[in-house]
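The values are calculated or read from the model by the stated rules, or taken from the named source; none is laboratory data. These figures come from a predicted structure and were not determined experimentally. Note that each Cβ is placed from the backbone with ideal geometry, even for glycine, and that neighbours are counted across all protein chains shown. Just so you know, the surface numbers come from the protein's heavy atoms only, side chains and all, with ligands and any DNA or RNA stripped out. Shrake-Rupley method; radii C 1.70, N 1.55, O 1.52, S 1.80 Å.
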Amino acid sequence: MTAPAPRLEPLPPEKWTDEARAMLRGRVRSADRYLSGEADAPRMPNILGILGHHAELGGAWLAYNGLLLEQPALEPRLRELAVLRVAWRTRAAYEWHQHVRIARGLGIGERTIEDIACGDTAAWPETDRLILAAADELLDRHRIADPTWAALHRCLDTRQLLELLFVVGSYLCLALVCNSVDLQPDPEAGSAAAPDVSEVEE
């Protein structure tokens with residue numbers, strides 16, 4: 001759930017150092033517009049504002065995450081199923097809001113998003129069901145169980161399977177950051193339902 005106020009405020013563009021600005025320009029296509037200070041400039045996403053506090057770490061994270069998003073081995077739709085499950089299970093409202101929007105853009109429907117939240121995947125295609133099972137097992141036991149691993153290996157090649165592990169781990173890491181700094185959803189993401197702690201499965 002979102003907190004009343006963040007523990008760590010996103011760094012506003014006017015307070016970014018030259019080093020941080022150079023880092024963002026090297027990693028984010030809209031960096032110049034975010035940093036311009038012009039009246040019509042788009043609002044910088046809050047997660048970028050957090051990374052602005054630590055330019056070296058921010059640059060490394062954006063390069064790594066950019067690989068997962070822009071040069072994926074794993075089908076983006078499958079990636080988003082895993083990310084949304086991580087976001088829901090970790091109560092990461094910021095991550096949930098952002099990736100509901102991405103999921104919708106990839107054609108993932110509202111019923112599927114609801115199923116991710118409640119864990120009801122009985123009617124899903126096998127590969128989709130296995131992706132959620134793998135995410136749950138990694139979150140619960142930090143290891144994909146042997147039957148799930150074997151079944152996934154029939155659906156995914158080695159690169160895709162390895163990338164799935166990194167996707168779940170990466171977005172768990174990001175969820176820990178978002179939750180710990182009490183990062184607020186970006187205003188334009190307000191239409192996506194935020195996780196309700198009382199509804200999240202243990």
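Some points to look at:
- Here ARG101 passes the criteria (1) in contact (Cβ under 8 Å) with a residue 60 or more places away in the chain; (2) within 28 Å of GLU9 (Cβ to Cβ); (3) open to solvent by less than 20 Å² (accessible area, probe 1.4 Å) except the one numbered (3).
- Residue list for the stretch 1-46, restricted to those being of a type in the set (S, T, N, Q), within 25 Å of ASN179 (Cα to Cα) and open to solvent by 40 Å² or more (accessible area, probe 1.4 Å): THR2
- Here ALA60 does not qualify as farther than 30 Å from ASP115 by Cα, out of contact with any Lys or Arg (no Cβ under 6 Å at 6 or more places or on another chain) and buried (at least 17 other Cβ atoms within 10 Å of the Cβ).
- Inclusion of TRP124 among residues that are more than 18 Å from the chain's Cα centre (by Cα) and open to solvent by less than 80 Å² (accessible area, probe 1.4 Å) is warranted.
- Sole exception among (1) in a helix (DSSP H, G or I); (2) out of contact with any helix residue (DSSP H, G or I) (no Cβ under 8 Å at 6 or more places or on another chain); (3) within 17 Å of TYR64 (Cα to Cα) for ARG29, by number: (1)
- Residue identified as aliphatic (A, V, I, L, M) and not in a loop (DSSP other than H, G, I, E, B) among LEU183, LEU152: LEU152
- Residue count for the stretch 117-132 under the criterion of being in contact (Cβ under 8 Å) with a residue 24 or more places away in the chain and outside any helix (DSSP H, G or I): the result is 1.
- Subset of the stretch 36-72 that is assigned to a loop (DSSP other than H, G, I, E, B) and in contact with an Asp or Glu (Cβ under 8 Å, 6 or more places away or on another chain) - its residue that is nearest to LEU156 (Cα to Cα): PRO72
- Of the residues making up the stretch 91-116, those that are on the phi < 0 side of the Ramachandran plot, outside any helix (DSSP H, G or I) and touching a Lys or Arg at 6+ places or on another chain (Cβ under 8 Å) number 2.
Matching residues to (1) open to solvent by less than 70 Å² (accessible area, probe 1.4 Å); (2) over 28 Å from LEU162 (Cβ atoms); (3) touching a residue at least 24 places away in the same chain (Cβ under 8 Å); (4) not hydroxyl-bearing (Ser, Thr, Tyr):
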position	(1), (2), (3), (4)
LEU48	yes, no, yes, yes
HIS53	no, yes, yes, yes
GLN71	no, no, no, yes
GLU80	yes, no, yes, yes
LEU84	yes, no, yes, yes
